[in-house]
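Report on the structure given below.
The values are calculated or read from the model by the stated rules, or taken from the named source; none is laboratory data. Worth saying up front: this structure is predicted, and the values here are computed from it rather than measured. Every residue, glycine as well, gets a Cβ built from its backbone with ideal geometry; the counts of neighbours run over all protein chains shown. For the accessible areas, the whole protein counts, side chains as well, though only heavy atoms, and no ligand, DNA or RNA atoms are used. Shrake-Rupley method; radii C 1.70, N 1.55, O 1.52, S 1.80 Å.
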Amino acid sequence: AFVVLSIVAYILGRVWNIDLTQIIGALGIGSVAIAISLQDTLSNLVSGFLLIVESPFKIGDWIKVGQLEGEVLEINWRAVRIKTLDRDIIVIPNGNLGKENICNYTLIDRLHAMRLRMPFSYEDRPDRINRVLRQVALTIENVESHPTPEAIPKVFSNTHIEYEIVFFISKYSEIERIEDEFWNRAYYAIRRGG
(Lines give C-alpha, C1' and ligand atoms only; values in the text may rest on other atoms or scores of the structure.)
Protein backbone atom coordinates (compact mmCIF):
# COMPACT_ATOMS: atom_id res chain seq x y z
CA ALA A 1 0.00 0.00 0.00
CA PHE A 2 2.87 2.37 0.80
CA VAL A 3 4.57 1.64 -2.52
CA VAL A 4 1.35 2.21 -4.47
CA LEU A 5 0.70 5.49 -2.63
CA SER A 6 4.27 6.59 -3.30
CA ILE A 7 3.91 5.89 -7.04
CA VAL A 8 0.56 7.75 -7.17
CA ALA A 9 2.10 10.70 -5.30
CA TYR A 10 5.08 10.75 -7.70
CA ILE A 11 2.82 10.68 -10.77
CA LEU A 12 0.55 13.42 -9.38
CA GLY A 13 3.45 15.62 -8.29
CA ARG A 14 6.03 15.20 -11.03
CA VAL A 15 4.11 14.18 -14.12
CA TRP A 16 0.91 16.21 -13.78
CA ASN A 17 2.42 19.04 -11.67
CA ILE A 18 -0.22 18.91 -8.93
CA ASP A 19 0.65 20.53 -5.58
CA LEU A 20 0.32 17.68 -3.06
CA THR A 21 0.76 19.87 0.04
CA GLN A 22 -2.84 21.08 -0.21
CA ILE A 23 -4.18 17.53 -0.60
CA ILE A 24 -2.09 16.25 2.31
CA GLY A 25 -3.21 19.20 4.45
CA ALA A 26 -6.87 18.56 3.63
CA LEU A 27 -6.48 14.86 4.43
CA GLY A 28 -4.77 15.71 7.73
CA ILE A 29 -7.50 18.13 8.78
CA GLY A 30 -10.16 15.67 7.63
CA SER A 31 -8.66 12.80 9.61
CA VAL A 32 -8.41 14.97 12.75
CA ALA A 33 -12.08 15.99 12.36
CA ILE A 34 -13.12 12.36 11.90
CA ALA A 35 -11.05 11.25 14.91
CA ILE A 36 -12.63 13.93 17.13
CA SER A 37 -16.16 13.08 16.00
CA LEU A 38 -15.60 9.35 16.59
CA GLN A 39 -13.81 9.78 19.92
CA ASP A 40 -16.73 8.53 22.06
CA THR A 41 -17.51 5.67 19.70
CA LEU A 42 -13.87 4.56 19.65
CA SER A 43 -13.67 4.88 23.43
CA ASN A 44 -16.75 2.66 23.79
CA LEU A 45 -15.35 0.09 21.35
CA VAL A 46 -11.95 -0.09 23.06
CA SER A 47 -13.55 -0.23 26.53
CA GLY A 48 -15.96 -2.91 25.30
CA PHE A 49 -13.08 -4.98 23.98
CA LEU A 50 -11.22 -4.62 27.31
CA LEU A 51 -14.37 -5.52 29.30
CA ILE A 52 -14.89 -8.66 27.24
CA VAL A 53 -11.22 -9.67 27.60
CA GLU A 54 -10.95 -8.85 31.33
CA SER A 55 -14.49 -10.04 32.27
CA PRO A 56 -15.04 -8.12 35.54
CA PHE A 57 -18.68 -9.32 35.32
CA LYS A 58 -20.85 -11.62 33.25
CA ILE A 59 -24.52 -11.85 32.34
CA GLY A 60 -26.56 -12.52 35.49
CA ASP A 61 -24.14 -10.79 37.89
CA TRP A 62 -25.34 -7.97 40.14
CA ILE A 63 -23.08 -4.92 39.80
CA LYS A 64 -22.85 -1.35 41.04
CA VAL A 65 -21.32 1.30 38.76
CA GLY A 66 -21.26 4.77 40.33
CA GLN A 67 -24.81 5.26 41.62
CA LEU A 68 -26.30 2.65 39.28
CA GLU A 69 -26.99 -0.85 40.53
CA GLY A 70 -28.55 -3.81 38.75
CA GLU A 71 -28.37 -7.23 37.14
CA VAL A 72 -26.32 -7.50 33.95
CA LEU A 73 -28.59 -8.45 31.03
CA GLU A 74 -26.34 -7.87 28.02
CA ILE A 75 -22.70 -7.05 27.27
CA ASN A 76 -21.76 -5.87 23.78
CA TRP A 77 -19.05 -3.78 22.10
CA ARG A 78 -20.81 -0.47 22.71
CA ALA A 79 -22.66 -0.76 26.02
CA VAL A 80 -23.84 -2.89 28.94
CA ARG A 81 -27.52 -3.23 29.81
CA ILE A 82 -28.53 -3.70 33.45
CA LYS A 83 -31.91 -4.19 35.12
CA THR A 84 -32.37 -2.36 38.42
CA LEU A 85 -34.35 -3.49 41.47
CA ASP A 86 -37.13 -1.21 40.18
CA ARG A 87 -37.11 -3.33 36.97
CA ASP A 88 -35.83 -0.42 34.88
CA ILE A 89 -33.35 -1.13 32.08
CA ILE A 90 -30.29 1.13 32.03
CA VAL A 91 -27.81 1.23 29.15
CA ILE A 92 -24.30 2.16 30.32
CA PRO A 93 -21.80 3.04 27.54
CA ASN A 94 -18.58 1.03 27.86
CA GLY A 95 -16.57 4.26 27.88
CA ASN A 96 -18.30 5.20 31.16
CA LEU A 97 -17.62 1.76 32.63
CA GLY A 98 -13.93 2.20 31.91
CA LYS A 99 -13.87 5.37 34.05
CA GLU A 100 -15.86 4.06 37.06
CA ASN A 101 -15.19 1.62 39.86
CA ILE A 102 -17.26 -1.52 39.34
CA CYS A 103 -18.55 -3.40 42.39
CA ASN A 104 -19.60 -6.96 41.52
CA TYR A 105 -21.79 -8.46 44.25
CA THR A 106 -21.83 -11.97 42.78
CA LEU A 107 -18.60 -12.61 40.83
CA ILE A 108 -16.82 -15.05 43.14
CA ASP A 109 -19.44 -15.68 45.83
CA ARG A 110 -23.23 -15.53 45.34
CA LEU A 111 -23.67 -14.68 49.05
CA HIS A 112 -24.16 -11.04 49.99
CA ALA A 113 -24.01 -9.68 53.54
CA MET A 114 -26.94 -7.63 54.82
CA ARG A 115 -26.18 -5.32 57.71
CA LEU A 116 -29.10 -3.75 59.55
CA ARG A 117 -29.04 -1.61 62.72
CA MET A 118 -31.53 -1.85 65.58
CA PRO A 119 -31.51 -0.16 69.04
CA PHE A 120 -32.17 -2.08 72.28
CA SER A 121 -32.35 -1.07 75.92
CA TYR A 122 -29.45 -1.63 78.32
CA GLU A 123 -31.91 -3.84 80.24
CA ASP A 124 -32.12 -6.37 77.38
CA ARG A 125 -29.70 -9.29 77.59
CA PRO A 126 -27.30 -9.51 74.61
CA ASP A 127 -27.59 -13.32 74.40
CA ARG A 128 -31.41 -13.11 74.12
CA ILE A 129 -31.19 -10.35 71.50
CA ASN A 130 -28.72 -12.40 69.46
CA ARG A 131 -30.83 -15.58 69.75
CA VAL A 132 -34.14 -13.90 68.80
CA LEU A 133 -32.70 -11.98 65.83
CA ARG A 134 -30.81 -15.05 64.58
CA GLN A 135 -34.03 -17.09 64.67
CA VAL A 136 -35.90 -14.34 62.83
CA ALA A 137 -33.27 -14.17 60.08
CA LEU A 138 -33.23 -17.95 59.60
CA THR A 139 -37.00 -18.08 59.02
CA ILE A 140 -36.72 -15.90 55.90
CA GLU A 141 -36.39 -17.50 52.48
CA ASN A 142 -32.96 -17.00 50.78
CA VAL A 143 -31.20 -16.22 54.09
CA GLU A 144 -28.31 -18.64 54.53
CA SER A 145 -27.63 -20.53 57.76
CA HIS A 146 -23.86 -20.48 57.10
CA PRO A 147 -22.27 -18.13 57.99
CA THR A 148 -24.54 -17.94 61.01
CA PRO A 149 -26.54 -14.73 61.41
CA GLU A 150 -25.54 -12.67 64.43
CA ALA A 151 -26.32 -9.46 66.29
CA ILE A 152 -23.27 -7.47 67.38
CA PRO A 153 -23.38 -4.45 69.73
CA LYS A 154 -21.90 -1.50 67.81
CA VAL A 155 -22.93 1.81 69.39
CA PHE A 156 -23.33 2.49 73.11
CA SER A 157 -25.31 5.69 73.60
CA ASN A 158 -26.71 7.22 76.80
CA THR A 159 -30.15 5.69 76.23
CA HIS A 160 -29.60 2.47 74.26
CA ILE A 161 -27.24 0.00 72.61
CA GLU A 162 -27.37 -0.16 68.83
CA TYR A 163 -26.90 -3.68 67.47
CA GLU A 164 -25.81 -4.54 63.95
CA ILE A 165 -27.59 -7.60 62.62
CA VAL A 166 -25.49 -9.41 59.99
CA PHE A 167 -26.80 -12.23 57.82
CA PHE A 168 -26.07 -13.50 54.33
CA ILE A 169 -28.50 -13.78 51.45
CA SER A 170 -28.13 -15.94 48.35
CA LYS A 171 -30.34 -13.99 45.95
CA TYR A 172 -29.43 -10.32 45.60
CA SER A 173 -32.54 -9.53 43.55
CA GLU A 174 -34.62 -10.27 46.71
CA ILE A 175 -32.73 -7.81 48.94
CA GLU A 176 -35.62 -5.38 49.44
CA ARG A 177 -38.16 -8.13 50.15
CA ILE A 178 -35.80 -9.83 52.61
CA GLU A 179 -35.10 -6.59 54.48
CA ASP A 180 -38.81 -5.76 54.71
CA GLU A 181 -39.64 -9.27 55.89
CA PHE A 182 -36.86 -9.15 58.49
CA TRP A 183 -38.14 -5.88 59.99
CA ASN A 184 -41.73 -7.18 60.17
CA ARG A 185 -40.80 -10.53 61.72
CA ALA A 186 -38.27 -8.95 64.10
CA TYR A 187 -40.90 -6.53 65.41
CA TYR A 188 -43.30 -9.32 66.38
CA ALA A 189 -40.53 -11.60 67.72
CA ILE A 190 -39.18 -8.81 69.92
CA ARG A 191 -42.67 -8.02 71.25
CA ARG A 192 -43.30 -11.71 72.01
CA GLY A 193 -39.88 -12.02 73.69
CA GLY A 194 -40.55 -9.04 75.95
Phi-derived 3J(HN,Hα) across the stretch 85-101 with the Karplus relation (6.51, -1.76, 1.60, θ = phi - 60°), rounded Hz, x for Gly and Pro, is 4, 7, 6, 8, 9, 10, 9, 10, x, 4, x, 5, 4, x, 9, 10, 6
What is the list of residues in the stretch 101-139 whose amide nitrogen lies under 19 Å from a point 7 angstrom out from the Cα of residue 150, following Cα to Cβ?
-> 111-120, 125-139
In the stretch 80-149, what GluC sites (Glu not before Pro) fall in a loop by DSSP, with at most 10 other Cβ atoms inside 10 Å?
-> 123
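Taking R0 as 35 Å, what FRET efficiency do you get between residue 46 and residue 180 from their Cβ-Cβ distance, rounded to the nearest 0.05?
Values: r = 42 Å, r/R0 = 1.21.
It comes out at approximately 0.25.
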Give me the percent of the accessible area of the stretch 85-187 that comes from carbon and sulfur atoms, probe 1.4 Å, all protein chains in place.
-> 47 percent
Using 0.36 nm per residue of separation minus the Cα-Cα distance, give me the extension gain between residue 74 and residue 189 in nm, one decimal.
-> 37.2 nm
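Just to verify a number: FRET efficiency for residue 134 and residue 54, C-beta to C-beta distance, R0 = 41 Å, to 0.05?
On the way: r = 39 Å, r/R0 = 0.96.
After rounding, the FRET efficiency stands at 0.55.
Rounded to two decimals, what ratio of Rg to Rh does the stretch 59-194 give with C-alpha atoms and a Kirkwood Rh?
Values: Rg = 18.3 Å, Rh = 16.8 Å.
On the Cα set of the stretch 59-194, Rg over Rh gives 1.09.
In the stretch 117-194, what chymotrypsin sites (Phe, Trp or Tyr not before Pro) fall in a loop by DSSP, with at most 14 other Cβ atoms inside 10 Å? Mind showing how you got there, number by number?
Values: sites: 120, 122, 156, 163, 167, 168, 172, 182, 183, 187, 188; in loops: 122.
Sites meeting the loop and neighbour criteria: 122.
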What does the charge dipole of the stretch 85-176 about its Cα centre add up to, to the nearest 20 debye, if the Cβ of each Lys and Arg holds +1 and the Cβ of each Asp and Glu holds -1?
-> 140 debye
J(HN,Hα) series, the stretch 167-173, from Karplus relation 6.51 cos²θ - 1.76 cosθ + 1.60, nearest Hz, glycine and proline x | 8, 10, 10, 9, 9, 4, 5
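What percent do you get for the relative contact order of the stretch 135-194 when only Cα pairs under 8 Å and 6+ apart count?
Numbers: 60 pairs, mean separation 20.4, N = 60.
Rounded, it is 34 percent for the stretch 135-194.
When only Cα pairs under 8 Å and 6 or more residues apart are kept, what is the percent relative contact order across the stretch 54-194? It would help to have the intermediate numbers written out before the result.
Working: 229 pairs, mean separation 28.4, N = 141.
Reported relative contact order: 20 percent.
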